[in-house]
Amino acid sequence: MRAITYTVLLAALWLLWSGIYKPLLVSFGAGSVLLVLLITHRMNRVDGDRLDISLNPIRFIGYFLWLLKEIAVSNMNVTRVILAGTMPIKQNLFRIPHTQKSDLGQVIFANSITLTPGTVTVETEENEFLVHALSYSEDDLHSLADMDRRVSATEMKSNL
Amino acid sequence: MQDILNILSYVFLVSGTFFVVVGAIGTVRFPDFWARLHAASVTESGGVILILAGLCLQAGWTLVTVKLIIIGLFLFITGPTSTHAIANAALVSGLRPDTIVKNPTSDKVN
């Protein structure tokens, strides 16, 4: 079952990448798909490490759109700091607890923090992230806690 | 319709370029490593998203648009990851911000 999904996915990717559908090139594509299948099959024998994506797709798309809005807002804020004559920088390193159950959820939260300009995830620990902020205010704690809740909401509960 | 798409795509491209330039200005103006990290992320997020969106509108419903979206998704994952790697390396090697607000949580860091 996994092999069939893999084949369809790889073939679809190849077709999207190529754009030129002559018999010779398509046969090269089929060959490369087979080669990748062979290699991943061998790798699986060496280490069975695989990533389970336990995210609710609809919720995740909703989160993604919200994240785009957040990126726009914080871009404007950082732009204002950069272009202001006095550059009102107020740096701070602080800790933010995270509530995601899966590794993937934690990665999404940490990367979301870094994606929004003005905050960068510096260190990841068991229950919290170390975050660096460019212009720190108390509101940052609230907005990051809000983001944490939203990421956790995209995780699928049944798989955990 | 085509005109509207064209104008919209130019708006995206020009504003994306604006953010790239602002990021460059910030990288030069900001005082230390930690602040510069944030200036670079303006280029990385706002600039990249807007320019890719503008290019998608130029390309229309073609395979090029699909590739641009996939490039965007890759950058969404790799950009913050590399920023985190740089920031983490700086922290581990003992670099701290020049000016830091004193509060209970930041005291724990040092």
Among the residues that make up the range A:62-73, is at least one of them in contact with a Ser or Thr (Cβ under 8 Å, 6 or more places away or on another chain) and not assigned by TED's automatic domain parsing to the domain that holds residue A:146? no
Just one listed residue, out of B:48, B:66, B:42, is assigned to a helix (DSSP H, G or I), over 30 Å from residue A:92 (Cβ atoms) and of a type in the set (A, V, I, L, M), and it is B:66
Counting only residues in the range A:109-132 that are touching a residue at least 40 places away in the same chain (Cβ under 8 Å) and buried (at least 22 other Cβ atoms within 10 Å of the Cβ), the one farthest from residue A:98 (Cα to Cα) is identified as A:117
Considering the range A:74-91, residues that are touching a residue at least 24 places away in the same chain (Cβ under 8 Å) and farther than 14 Å from residue A:144 by Cα, and then whichever is surrounded by the fewest Cβ atoms within 10 Å (Cβ to Cβ), we arrive at A:88
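Return the residues of the range A:28-83 that are of a type in the set (Phe, Trp, Tyr) and in contact with a helix residue (DSSP H, G or I) (Cβ under 6 Å, 6 or more places away or on another chain); say none if nothing qualifies. First the steps, then the outcome.
Of the range A:28-83, the ones of a type in the set (Phe, Trp, Tyr) are A:28, A:60, A:63-64, A:66.
Once the filter is applied, which keeps residues that are of a type in the set (Phe, Trp, Tyr) and in contact with a helix residue (DSSP H, G or I) (Cβ under 6 Å, 6 or more places away or on another chain), the range A:28-83 yields A:60, A:63.
Name the residue that is nearest to the other protein chains (Cβ to nearest Cβ), counting only residues in the range B:42-84 that are more than 15 Å from the chain's Cα centre (by Cα) and under 22 Å from residue A:109 (Cα atoms).
As a first pass, look at the range B:42-84 and keep what is more than 15 Å from the chain's Cα centre (by Cα): B:54-70.
Narrowing further to those that are under 22 Å from residue A:109 (Cα atoms): B:69-70.
On the way: B:69: 10, B:70: 8 Å.
That would be B:70.
The values are calculated or read from the model by the stated rules, or taken from the named source; none is laboratory data. Here the structure is a predicted model, which means the values were calculated and not measured. FYI the Cβ positions are ideal-geometry reconstructions off the backbone, even for glycines, and counts take in every protein chain you see.
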